[in-house]
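Okay, structure first, notes after.
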Amino acid sequence: MFRLSVLVLNLLLVSHEFSAGTAKIEIQPLPALCNGYCFSTLKPVMEYVAIHQDKWNTCTEILANETRKDQIQLNVQLDALKADVSNIKASQLSKDEKLDRMEQEQFAIHESLETINRYLTVNLDRTKLQLEAIKNTMDYKKAQMDGYFSAIIGIQCVQPGFEKIGDRYFYIEEDVELNWLDAQAKCRRMGGHLASIKTKQEFDAIVEKLDDSKSY
């Protein structure tokens, strides 16, 4: 307000000097010029300033209060923004931690599956070997049983007059001399067929059973 009063005073002085100089060119001392006129001229301005000083002070205080309120509100908003940023950072860290934990759990599950797969593969190979051994044993036992059953059936089904020579049964006709066709027919009636010698050992075994005094 003081600066405003000084500015108004200066403007009035300049205006008065300019108007006085144009009306009458006469140099007068400055104290005499501003003795009573200046103050009488400035009195309304000074009174106006004095009257409105409280209002201006009130306006200034109101502006200051509003400025403080705005500053406080800005600070509150800034604090809220900082809190939001902190929350976002914390949330991001939490998400990163969850992602890391999920990756670790996924890796652990993968390792567990690999371990289970290796265990199952080893057991499967072992089981295959065991099944193969069991199959071989069963095949061997079956072959034995088939041999036993064949022997039993062979013994039970041997016609009278047959005797075992080597691994097979033969019937040697001692009483009736037959030609090839008749001998073949008789063999069929007896459930067999004409003998076909397979090995020399079998031939020798049969020869030992023959009567040297007869022709066959």
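For segment 193-216, the set of residues classified as touching a strand residue (DSSP E or B) at 6+ places or on another chain (Cβ under 7 Å) and in a loop (DSSP other than H, G, I, E, B) consists of Ala195 only.
Per the listing Ile155, Ile134, Ile109, the residue uniquely modelled with pLDDT under 85, β-branched (Val, Ile, Thr) and not assigned by TED's automatic domain parsing to the domain that holds Gly191 is Ile155.
The values are calculated or read from the model by the stated rules, or taken from the named source; none is laboratory data. The shown structure was predicted, so the numbers you read here are calculated from the model rather than taken from an experiment. Note that each Cβ is placed from the backbone with ideal geometry, even for glycine, and that neighbours are counted across all protein chains shown.
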